[in-house]
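First up is the structure itself, then whatever we jot down about it.
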Amino acid sequence: KISLADELTANIAVIGAGWWSQGWHLPHLKQNPRVKIAAIVDKSAQPSSDLNANLQSLESLSNNYSVPTFSSVQDLLRDVDVSADIDGFIIATPHSTHYEIAELLLEEDEQRKREVLMDSKNSDYRPLHVFVEKPMTTDVH
């Protein structure tokens, strides 16, 4: 059962641990009493940026925010102890990766919805919300 306090708290995973995430998303999410940072994903153990040479490693981010870190979205989704409680994702990766990641997360949401609909005893469908930094994609299909 989901408690009222849990219902009022959004569990958010941040995908991409670069300049925008470390300089904006993570600090602001941490300050919001209605948000719990659920996980951080970055393919690099040591994110880098031309805009800030002093980015924290994934290990430091894990310690500072008390969250698990993952090297891929797929690894996060496979860890059901973490992914089952996630309400939303912020995609803050290079622009060219936005579409692929968003599509993967939306497919995960559809899969969860199908599983709940097929299980008459389980009515706890929690949609996944996906926030994509602009632009959504750099390649129109």
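Observations on the structure shown:
- Separation in nanometres of the label points that stand 7 Å from Cα toward Cβ, at GLU103 and SER72: 1.6 nm
- Each of HIS28 and ASP50 was given a label point 7 Å from its Cα along the Cα-to-Cβ line. The distance between the two points is 2.4 nm.
- Accessible surface of the chain [probe 1.4 Å, protein heavy atoms]: carbon and sulfur percent: 52 percent
- For the pair LYS113 and ASP85, a Förster radius of 22 Å applied to the C-beta separation gives a FRET efficiency near 0.85, rounded to the nearest 0.05.
- 26 Å Cα cut-off, lysine pairs counted over the chain (separation 8 or more, or different chains): 10
- Label-point separation, LYS134 to TRP19 (7 Å along Cα→Cβ), nm: 1.8 nm
- Entry comment: accessible area of segment 26-130 is 62 Å² per residue, from protein heavy atoms only and a probe of 1.4 Å.
The values are calculated or read from the model by the stated rules, or taken from the named source; none is laboratory data. Just so it is clear, the structure is predicted and the values come from calculations on it, not from any experiment. Don't worry about glycine lacking a Cβ; one is built from the backbone with ideal geometry, like all the others, and counts go over all protein chains shown. Side chains included, ligands, DNA and RNA excluded: accessible areas come from the protein's heavy atoms. Shrake-Rupley method; radii C 1.70, N 1.55, O 1.52, S 1.80 Å.
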